[in-house]
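Worksheet for the structure shown next.
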Amino acid sequence: MEIGTPETVKEVLINADQLRSRVAELGAQITADYDGKNPLFVCILKGAVMFLTDLLKNVNIPSQVDFMQVSSYGGATESSGIVKIIKDLDISAEGRHVVIVEDIVDTGITMKHLIELLSARRPASLNICALLDKKERRLVEIPLTYVGFEIPNAFVVGYGLDYAEYYRNLPFIGVLDPQVYRS
Ligand code: 5GP
């Protein structure tokens, strides 16, 4: 099986239409909730980029965007539990209404560290907007204010999410054939 090819995605879990309409709903909800608050969106690189850009097109209030990158899976499909900042924010989070935009919350370990890290910078508020929630895998409790979809325990790719940097370009969320990472 060649990595990155269509036949290595064994099932479409969420199609492009479903993504479009749910992301529009989230954008509308955030627009209403953050009216007059000038939110700072913190996009977690790289997986949340496609979600962020579609989400922002549906946010119709003054807002700013910044990016952070933390270490996660690398080439494997299980979390190491070690979270390291690779790229920090350029804009100060102090006193801001921060919305963390993340692709997926799995064990919750990455998000727990991010919350601790950003809370220490004294934002006015801190909420999380996650496209996908793999709830049954959770090891630490995380308050998720905005969730696109709850998904079952499977390794998913597409719409920004990768395996070994492949599959980010897919316009849908699909389940990766385990043969790809077992071989
Ligand atoms: P956690 O710390 O919650 O276990 O993992 C969070 C990070 O692991 C996510 O930001 C994402 O990068 C990665 N991750 C978790 N589950 C999946 C998955 O099913 N597919 C992909 N591509 N990445 C995942």
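Readers should treat all values here as calculations from the given coordinates under stated rules, not as data from a laboratory. None of these values were measured; they are calculated from a predicted model. Please note: Cβ atoms are built from the backbone with ideal geometry, for glycine as well, and neighbour counts cover all protein chains shown.
Miscellaneous remarks
- Loop-located GluC sites (Glu not before Pro) in segment 1-70 (DSSP state not H, G, I, E or B) with no more than 10 neighbouring Cβ atoms inside 10 Å: E2.
- All distinct Cα pairs of segment 1-153 go into the 1/r average, and the inverse of that average, the Kirkwood radius, is 16.3 Å.
- Helix 109-119 axis, angle to the chain major axis (alpha carbon atoms, nearest 10°): 20 degrees
- In degrees, nearest ten, helix 16-33 long axis to first principal axis of the chain (Cα): 20 degrees
- Antiparallel DSSP beta bridges within the chain, percent to nearest 5: 30 percent
- Charge dipole (segment 3-146, unit charges on Cβ, about Cα centre) - positive-most of I85, P39, A120: A120
- As an equivalent ellipsoid, segment 95-183 spans semi-axes of 27, 14, 12 angstrom, where each value is the square root of five times an eigenvalue of the C-alpha gyration tensor, largest first.
- Residue pairs exceeding 28 angstrom between C-alpha atoms, taken from K10/K135; K10/K112; K46/K112: K10/K112.
- Contour minus Cα-Cα distance for K46 and Q64 (0.36 nm per residue): 4.7 nm
- Sequence-separation-based contact order of the chain, relative, with Cα cut under 8 Å and 6+ spacing, percent: 26 percent
- Point-charge dipole on Cβ atoms (K/R +1, D/E -1) for the chain, about Cα centre, debye to 20: 320 debye
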